[in-house]
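*Asks:* So that we are looking at the same thing, I have put the structure below in structure tokens.
The values are calculated or read from the model by the stated rules, or taken from the named source; none is laboratory data. What you are looking at is a predicted structure, and each value in this text was computed from that prediction instead of being measured. No Cβ is skipped: glycine too gets one built from the backbone with ideal geometry, and neighbour counts run over all protein chains shown.
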Amino acid sequence: MSAVWSAAWAAVRRRKLQTIVIGVVVCAASATLVMALGLLDASAAPFDRAFATQQGAHLAAAFDPAKVSEAQLKQAAGQTVSAGPFQQATVDTSTGEVFLGTLTVVGRADPGGQVDRVSVWQGRWATNAGEIVLSRTPGSVGRMGVGFELRLPGRPVLKVVGFAHSVTGSADAWVSPAQIGALQPNALQMLYRFTQADTAAQVEAGQAAVTAGVPQDALLGTLSHLTVKDKATSELGVFIPFLMIFGILGLAVAVLIVANVVSGAVVAGLRHIGMLKAIGFTPDQVMAVYLVMVSIPAFAGCVLGTLVGNLFAKPIVQDAVEGFGVDDLSFAPWVNVVAALGMPVLVASAALVPALRARRLPAARAISAGTTAHTGRALRVQRWLSGTRLPRSVSLGLGMPFARAGRSALTLASVVLGVMTVTLAAGVTMSMTAYNDAVRPHFTDRVELMAGPPQGGPAVRPQGVEAPAAKLSDAEDESMLRSLPGTTAVLAGTQLDAEVAGGTQEATILFYRGDTAILGPRVLTGHWPDGPGQVVVPSRFLNQRGLAVGDTVTVQARGNRTQVKIVGVVLTNNADEIFADWSTVDVLAPGARASFYLTQMASGTDRDAYTAAAKAADPGLQVLPPRDGSSSTAVIIIGAAVVLTLVLGAVAALGVFNTVVLNARERRRDLGMLKSIGMTPRQVTVLLVTSMGALGVLGGLIGVPVGIVVHQLVVPAMAHAGQADAVDILMNVYHAPLLALLALTGVVIAVVGAVVPARGAARLSIATVLHNE
Amino acid sequence: MAAMQNADAVVELTNVRKEYSDSTALDGVSLVVRAGEAVAVMGPSGSGKSTLLNMIAGLDRPTSGQVIVHGSDLGVLGETGLALFRRRGIGMIFQFFNLLDDLSALDNVALAAQLTGMKASQARARALELFGELGISSRRNIYPAQLSGGERQRVAVARALMNRPALLLADEPTGALDSRSGEQVMDLLLDLNQIGQTLLLVTHDERLATRCATRVIEVVDGRIAREHSMERA
């Protein structure tokens, strides 16, 4: 065994606490690094990743079976990678007990294949008659689970046996090829993958190639992967800036803490370095001893941390990206390679700088440098503090960070990042909550009542519940609701599926009358429609269609067409909703009655008695259960924010822990002396905790404004990614009491990190310390 | 709190044993130090003399036996109680001075009084008084690293005297000093004892014992082997 290895191994064994701290810190930092890089990787291109994993179709095409045969389609595809033809049926669910809109159902024997490898993430594939698999993004089952039976008049009962996701969006549901016949198929679906499909022109060229041998009018419709990608990114892109910033924060915290811990370990060993030199170790051997000494626990911590990171970071990343349909959650190989190689390189680099300095130091100076550094500034600060009225343990603690300015700066940076993370997470959480509250109001003083089946849009009812069918007329119902004791406002409305000229997607027009100012969506710009032909829309509607307030668009529903003028922007989460005054319904759906009512109750009104009275007056009305107001996006972002904050806060506290361990070790003689002249253990604890508390206060004062600035950058980016506007309720979330609390988090991180080693130092044996000179 | 058997006893040890995992440092030591005495504890390295000092200072606890200082049974005091005892009851001088490097000489001394709750201005005034008495007034704003060994030990003595302790404990007070500085410190301790300060010194230095002590106790293998009164030189 070489002298270097012997000395390094002896140092590792003798300095157990330091070894453990380096191991734990590198482990935590490696896990954080894996998580951070995993987030950055996941946020880089989740759709592309899911698309590649599923071998998504660049083009999904529907053909008329009356005009082209399956053999012709296969032949036309030629050498192009394709799947199909699959028989495709259009199923209208509006007459059933459960309204799921119009479903595109495809008969497909299995979910695999060369193109569009559908991911069955719950249950199993439909292989038998009477079975159906519904398309849902992972994790979003809704109110229907496996076993639910879909009953439609004139159609076979279909039992849901699984949930699957096609990144291509090739179908709303799948059944076995044997079952599709009973659903009256009206099209043949072909799925293609082209060698070049990055642009619309390339997709069009591919389409031209595969349809060249097909009768011209046989092609019923197509869906490009570019269109699907645009939609997915607009809906789920809000995650990306959020994930990226937390990834960057995690990376910064991991680098800082490792630099702090490792360089601290070398600096704390300067005296030992001097002694090694004194007994004949060459400068290079001394440097090697220290590099090996820190590398042993660092390597162990790195291996363990990478494993832990892979285990625990995945659920966070999974929550964030599963909406894109990413089901293969193994991190990209480069994530683990960078963590496994990068962390040891970081450790070695952090150790190398002070080790090189120690290498150059003469032995005598290295030995004397082993004690605390004393700069002019530190001495001036301590002198000033000595004269203050503060308790001596506090004033001594306040001066301590100035003795090791570099170490204190790194510790401060960790605390700043911790506070910044908390501030950002709190801000994002409040922005998400505020947005969620605005677009999905769940006020306890509101009651929703259905008067009849909706004209369009999703409305799932529990199985066995009768469809609403109001007994009274529309006017009588509204009048009845207004006259109920406790009613303070009533809004009546209905909805229509409509086509918007120039758009690629349908929209839902909601017609409101009554107390829209109280119960309607919040108007951000412009005004609520106050006459026929006026509408308000969400900003996503405008952005997706290149429209602006003041523009006029043509809408068509039930064979009626009219022009409407956009007079304002409202805050809602649905890009395809148009809000109109009731007077406009007469143009598009003459004679329509309100299909739902929304009422507001006075404070103190008994909800049960109120709804019972409404039902008694019109038994055909159906009272909807109160909305839970939650959104899966908000829940995921808030949940991820909490977890990431706890992780990064804990890592920052670990940085503080390490600093206190190093400071206490360097100052054990001073602490022993202080105890010998009467400083109590509590005062020693206060001294050391105060030394970090001061950094905590400073970290809070710096971290909060920085966190707010980052929030002001991230939230608009999230909003824009979701094609929404960064409205004031998203931006103005920080208020004075909250800011004070956030600033205190710096102190909390510092105190939590400092208190354990401080208490350990307070129990130091004076006799041992003072006589070990 | 145990009653003192000797009305003028400042320190009273009864059958004190201190065992470590692999050795016995003190083996049934009984000792009384009376007010105004200057007791030198001598003996070879590892004999247990520093352990004895630690017991009296409340820096360590005996395995068995009783240690009473100023009427307080140190065995019943918790860590905080021992700290308060050290704060008020004793002053300690160490071989290696143990001054805080980032405090000036004056602030090192004032620190001991500030821990008792004294205001900074009052503590500094009291420290200046001691600096005058010890002849180091001109060095009050100097930091320990810039002081000579003798000056550092004088500062340490000033700190030990800051709270007017009834008992001054010194552990090899001249052990790290050159002969001239050692002489100065000996003179200082002698002067202090002559004005009534009770002293207990642990030392290898026979000259220090001869010069300052009124009684010498020799500890060998954890026991008091010999004890005799001294005529000061």
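*Asks:* Any residue in the stretch A:97-125 that is closer than 18 Å to A:LYS159 by Cα sitting within a Cβ distance under 6 Å of a residue that is surrounded by fewer than 18 Cβ atoms within 10 Å (Cβ to Cβ) and modelled with pLDDT of 85 or more? List the pairs, counting only those 6 or more apart or interchain.
*Replies:* If the second residue must be surrounded by fewer than 18 Cβ atoms within 10 Å (Cβ to Cβ) and modelled with pLDDT of 85 or more, the pairs left are A:GLY107/A:PRO177; A:ALA109/A:PRO177.
*Asks:* Do we have any residue at all in the stretch A:632-651 that's over 20 Å from the mean Cα position of the chain (by Cα) and either crowded, with 23+ Cβ neighbours inside 10 Å or within 14 Å of another protein chain (Cβ to nearest Cβ) (or both)?
*Replies:* The answer is yes; a qualifying residue exists.
*Asks:* Another question, then. For the stretch A:570-628, give me the residue count where each residue is of a type in the set (A, V, I, L, M, F, W, C) and without any contact (Cβ under 8 Å) to a residue 12 or more places away in the chain.
*Replies:* 3
*Asks:* Out of everything in the stretch B:137-153 that is in a helix (DSSP H, G or I) and among the polar types (S, T, N, Q), what residue ends up being nearest to the other protein chains (Cβ to nearest Cβ)?
*Replies:* B:GLN146
*Asks:* Next question, about the same structure. Between a residue in the stretch A:405-418 that is not assigned by TED's automatic domain parsing to the domain that holds A:GLY264 and any residue that is in a helix (DSSP H, G or I) and among the charged types (D, E, K, R), which pairs come within a Cβ distance under 8 Å, given they are 6 or more apart or on different chains?
*Replies:* The qualifying pairs are A:ALA405/A:ARG377.
*Asks:* If you don't mind, another one. So which strands (runs of 3 or more DSSP E) stay within the stretch A:481-552 end to end and still have 2 or more residues that are under 30 Å from A:ALA612 (Cα atoms) and β-branched (Val, Ile, Thr)?
*Replies:* Filter on the stretch A:481-552 gives A:487-500.
*Asks:* Taking the criterion of being touching an Asp or Glu at 6+ places or on another chain (Cβ under 6 Å), crowded, with 20+ Cβ neighbours inside 10 Å, among the polar types (S, T, N, Q) and more than 12 Å from chain A (Cβ to nearest Cβ), would at least one residue in the stretch B:154-174 satisfy it?
*Replies:* There is at least one residue in the stretch B:154-174 that is touching an Asp or Glu at 6+ places or on another chain (Cβ under 6 Å), crowded, with 20+ Cβ neighbours inside 10 Å, among the polar types (S, T, N, Q) and more than 12 Å from chain A (Cβ to nearest Cβ).
*Asks:* Looking at A:LEU385, A:LEU412, A:LEU390, can you tell me which residue is in a helix (DSSP H, G or I) and facing chain B (nearest Cβ under 10 Å)?
*Replies:* Within the list A:LEU385, A:LEU412, A:LEU390, the selection yields A:LEU385.
*Asks:* Give the stretch A:684-713 a look and list any residue that's within 14 Å of another protein chain (Cβ to nearest Cβ) and buried (at least 24 other Cβ atoms within 10 Å of the Cβ), or say none.
*Replies:* Residues satisfying the conditions are A:VAL684, A:LEU687, A:SER691.
*Asks:* Go through (1) at pLDDT 75 or above; (2) more than 22 Å from A:LEU662 (Cβ to Cβ); (3) hydrophobic (A, V, I, L, M, F, W, C) for A:LEU291 and report which single condition fails.
*Replies:* (2)
*Asks:* Give the residue that is farthest from A:LEU519 (Cα to Cα), with candidates limited to residues of the stretch A:565-621 that are of a type in the set (Val, Ile, Thr) and not in a strand (DSSP E or B).
*Replies:* Among them, the one singled out is A:VAL587.
*Asks:* Within the stretch A:672-688, does at least one residue satisfy the condition of being without any contact (Cβ under 8 Å) to a residue 12 or more places away in the chain, of a type outside the set (Ser, Thr, Tyr) and farther than 23 Å from A:ILE257 by Cα?
*Replies:* Yes, that holds for at least one residue.
*Asks:* Looking at the stretch A:181-202, which of the residues that are modelled with pLDDT of 85 or more and surrounded by 20 or more Cβ atoms within 10 Å (Cβ to Cβ) is nearest to A:GLY112 (Cα to Cα)?
*Replies:* A:LEU191
*Asks:* Residues to consider are B:ARG180, B:ARG126; find the one that is more than 10 Å from chain A (Cβ to nearest Cβ) and modelled with pLDDT of 90 or more.
*Replies:* None of the other options fit; the residue is B:ARG126.
*Asks:* Ok, one more. Can you confirm whether the stretch B:34-57 contains a residue that is of a type in the set (Lys, Arg) and buried (at least 20 other Cβ atoms within 10 Å of the Cβ)?
*Replies:* Yes; the residues of the stretch B:34-57 include at least one that is of a type in the set (Lys, Arg) and buried (at least 20 other Cβ atoms within 10 Å of the Cβ).
*Asks:* For B:LEU189, are the conditions met, namely being touching a strand residue (DSSP E or B) at 6+ places or on another chain (Cβ under 8 Å), outside any loop (DSSP other than H, G, I, E, B), at negative phi and surrounded by 20 or more Cβ atoms within 10 Å (Cβ to Cβ)?
*Replies:* Yes, satisfied.
*Asks:* Would a scan of the stretch A:521-535 turn up a residue that is small (Gly, Ala, Ser) and free of Cβ contacts under 8 Å to residues at least 12 places away in the same chain?
*Replies:* no
Okay, residues lined up against (1) within 14 Å of chain A (Cβ to nearest Cβ); (2) touching a residue at least 60 places away in the same chain (Cβ under 8 Å):
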| site | (1), (2) |
| --- | --- |
| B:GLY28 | no, yes |
| B:GLY36 | no, yes |
| B:LYS49 | yes, yes |
| B:ASN54 | yes, no |
| B:ARG61 | yes, no |
| B:GLY71 | no, yes |
| B:GLY78 | yes, no |
| B:ALA83 | yes, no |
| B:ASN98 | yes, no |
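*Asks:* Within the group B:ALA209, B:ALA170, B:ALA225, which residue is under 16 Å from the mean Cα position of the chain (by Cα) and assigned to a strand (DSSP E or B)?
*Replies:* Checking each option against the conditions leaves just B:ALA170.
*Asks:* Can I ask one more? Out of everything in the stretch A:672-682 that is surrounded by fewer than 24 Cβ atoms within 10 Å (Cβ to Cβ) and in a helix (DSSP H, G or I), what residue ends up being farthest from the other protein chains (Cβ to nearest Cβ)?
*Replies:* The extreme case among them is A:ARG682.
*Asks:* Picking from A:VAL146, A:VAL175, which residue would you name as being surrounded by fewer than 19 Cβ atoms within 10 Å (Cβ to Cβ) and in contact with a strand residue (DSSP E or B) (Cβ under 6 Å, 6 or more places away or on another chain)?
*Replies:* The match here is A:VAL146.
*Asks:* Checking the structure you have, find out if any residue of the stretch A:731-752 is more than 14 Å from chain B (Cβ to nearest Cβ) and over 27 Å from A:MET432 (Cβ atoms).
*Replies:* Yes, that holds for at least one residue.
*Asks:* Working only within the stretch B:101-118, note down all residues that are surrounded by 18 or more Cβ atoms within 10 Å (Cβ to Cβ), within 19 Å of the chain's Cα centre (by Cα) and over 14 Å from B:ALA158 (Cα atoms).
*Replies:* Within the stretch B:101-118, just B:LEU115 meets the criteria.
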